[in-house]
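Before any comments, here is the structure.
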Amino acid sequence: MKCKWNSFRQPAVFFIVLILFPFISLTAGVLVAPTSVILSENDRTGRLTVQNPSDSPIEVSIRFGFGIPLSDSLGNVTLRLQDTSEVNHPRSAMNWIRAFPRRVVLAPGATQVIRFVATPPKDIPDGEYWARIVVRSQDSQAQLPDAGDLESITTRLNMVMETAIVLKYRTGELMAKLGVIDTEIERSDSLVTISIDLENQGNVSYVGVLRCNLFDANDVEITTRRINIAIYDDIKRRVELPIGISDYRQPFHVDIVIENDGRNDVPANELISGNRLEYTLTVP
């Protein structure tokens with residue numbers, strides 16, 4: 001979730017804004033469920049429920065974007081939301097998904113069901129297609145100050161919030177398969193760092209868990225890390241394992257497991273089971 005602050009003010013109000021800022025009520029927030037929408041060739045419709053928990057009206061609008069986790073050469077993962085003009089990914093569904101309604105004003109405590117319909121091109125390849133449902137909410141009573149009254153000092157802050165929900169469309173035979181292209185391992189006095197280049201070899205996103213356990217020569221566990229992963233395209237993941245201060249016997253080794261099991265945050269009917277990877281790295 002990200003927040004945008006739109007500030008409308010006349011000259012000489014900057015100091016006033018700084019004083020009032022900590023006391024602004026987050027009235028533009030809405031509750032959204034579920035956290036993902038799954039469509040398919042058997043059921044091309046879906047729904048999202050938006051609720052206004054505040055005591056003032058909120059304007060809600062829906063648009064679509066495209067964004068998948070990407071990494072840089074160091075394994076830092078980011079997600080950049082793209083609009084229609086930028087997207088050329090072959091798995092993008094954003095141009096053939098529609099929402100009804102696209103804009104609504106919710107009264108205090110009210111809920112609204114947003115419905116989605118997929119109209120994919122004919123004969124698209126089997127697999128999964130992706131989009132992001134961007135739910136934008138703001139105070140529906142926000143007004144611009146009177147710009148003609150130059151002698152008055154007026155300010156109004158309108159907080160705009162956006163939440164991006166995953167949408168997936170599935171068709172044909174689905175396969176979740178992950179491969180490891182390369183691994184690198186480094187050690188300092190207090191840290192073991194692993195870089196894993198992962199390749200999506202299937203036609204859907206691989207949703208699972210990456211586990212790394214650091215052991216000494218006597219198989220005494222030093223550190224363990226568990227990371228939820230969602231692999232759409234090829235990506236590099238970096239894992240840091242602190243060594244700590246203790247009398248551990250060298251050489252160390254790291255057991256790595258990547259699998260679907262353990263993702264209790266994903267409904268079973270949404271999870272596509274894939275392969276399991278397991279291997280061991282020796283720490284230099």
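The values are calculated or read from the model by the stated rules, or taken from the named source; none is laboratory data. Quick caveat, the model's predicted, so the values are computed rather than measured. Reconstructed Cβ throughout: ideal geometry from the backbone, glycine too, with neighbour counts over all protein chains shown.
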message: Out of everything in the stretch 78-103 that is farther than 21 Å from ILE231 by Cα and of a type in the set (A, V, I, L, M, F, W, C), what residue ends up being farthest from the chain's Cα centre (by Cα)?
response: PHE100
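Would you call LEU144 aliphatic (A, V, I, L, M), in contact with a strand residue (DSSP E or B) (Cβ under 7 Å, 6 or more places away or on another chain), at pLDDT 90 or above and not in a strand (DSSP E or B)?
Details: aliphatic (A, V, I, L, M): yes; in contact with a strand residue (DSSP E or B) (Cβ under 7 Å, 6 or more places away or on another chain): yes; at pLDDT 90 or above: no; not in a strand (DSSP E or B): yes.
No; evaluated as a whole, the condition is false for this residue.
Has the stretch 183-200 got at least one residue that is in the same structural domain as PHE116 (by TED's automatic domain parsing), of a type in the set (S, T, N, Q) and modelled with pLDDT under 95? First the steps, then the outcome.
Within the stretch 183-200, the subset in the same structural domain as PHE116 (by TED's automatic domain parsing) is none.
Taking every residue of the stretch 183-200 in turn, none turns out to be in the same structural domain as PHE116 (by TED's automatic domain parsing), of a type in the set (S, T, N, Q) and modelled with pLDDT under 95.
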message: For the list (1) surrounded by 17 or more Cβ atoms within 10 Å (Cβ to Cβ); (2) aliphatic (A, V, I, L, M); (3) within 30 Å of LEU167 (Cβ to Cβ), I need the number of the one condition that ILE227 fails.
response: (1)
message: Anything in the stretch 240-284 that is of a type in the set (Gly, Ala, Ser), within 21 Å of the chain's Cα centre (by Cα) and exposed (fewer than 11 other Cβ atoms within 10 Å of the Cβ)? List them, or say none.
response: ALA268
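Could you list, in sequence order, all residues of the stretch 243-266 that are of a type outside the set (A, V, I, L, M), in contact (Cβ under 8 Å) with a residue 24 or more places away in the chain and more than 14 Å from ASN228 (Cβ to Cβ)? Spell out the reasoning first.
We begin by selecting, within the stretch 243-266, every residue of a type outside the set (A, V, I, L, M); these are 244, 246-253, 255, 259-265.
Now restrict to residues that are in contact (Cβ under 8 Å) with a residue 24 or more places away in the chain: 244, 246, 248-253, 255, 259-263, 265.
Hits for the stretch 243-266 are GLY244, SER246, TYR248, ARG249, GLN250, PRO251, PHE252, HIS253, ASP255.
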- request: Collect the residues in the stretch 112-130 that are farther than 13 Å from ALA93 by Cα, loosely packed, with under 13 Cβ neighbours inside 10 Å and modelled with pLDDT of 95 or more, keeping them in residue-number order.
  value: VAL113, ARG115
task: Filter the strands (runs of 3 or more DSSP E) completely within the stretch 28-109 down to those with at least 1 residues that are closer than 30 Å to ARG237 by Cα and either out of contact with any His (no Cβ under 7 Å at 6 or more places or on another chain) or of a type outside the set (Gly, Ala, Ser) (or both).
output: 31-33, 36-40, 58-65
